[in-house]
Amino acid sequence: MKHKIYIITFLALFIFAIGADIALAGSATISWNANTESDLAGYKIYYGTASRTGTDPKTCGLCGYSTSLNVGNVRTYTFSSLTNGQTYYFSVTAYDTSNNESSFSSQVSKFISTSADLNANGRINAQDFSILMSFWGSTARPAADVNQDGYVNAQDLSIMMSQWTG
């Protein structure tokens, strides 16, 4: 069984779908390659707003993450209701029918964009576009800096357009 856990450790995990779900503020979708062990029982996702502090949940528990989630034998999972303006960190482990758990996969992260509703009227429309354009090129981190990267630029405009309600 020990050799199987080592094999599980070397899973090629994570194709992180950042672009596909940017319009869904507060969500992140992760997926990974299947483990080929015959006694695979499922996967656990560890995540939180702090980066991982260890490499093996058997020795460090949550290892800096705030939560672990047993997702069963699936290879894609979508988190919803994540807090806008936060960066989330994710790692996956595999476990077998004897409940042996692998070490963590590579860690990935995603910044959850804030809403592009800059005037807080419940719609993302031309008024918000006007506000964004009035701060274009600014480095002062105004509210128009939707992705909070320090600049009001094309990335913020792209997020706004993906959330556009008219």
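What full-extension length gain, to one decimal in nm, is calculated for SER80 and THR59 as 0.36 nm per residue of separation minus the Cα-Cα distance?
Working: separation 21, 0.36 × 21 = 7.56 nm, distance 2.91 nm.
Net length gain for the segment: 4.6 nm.
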Practice task
For a quick protection proxy, order the peptides 48-55, 150-157 by their average other-Cβ count within 10 Å, most packed first.
Solution key: 150-157, 48-55
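Please sort 101-113, 35-47 by packing, taking for each peptide the average over its residues of neighbouring beta carbons within 10 angstrom, highest first.
On the way: 101-113: 19.8, 35-47: 17.8.
Going from most to least packed, we get 101-113, 35-47.
Values quoted throughout were computed directly from the atomic coordinates according to the rules given, and no laboratory measurement underlies them. Predicted, not measured: the structure shown is a model, and the values here were computed from it. Glycine also receives a Cβ, built like all others from the backbone with ideal geometry; neighbour counts cover every protein chain displayed.
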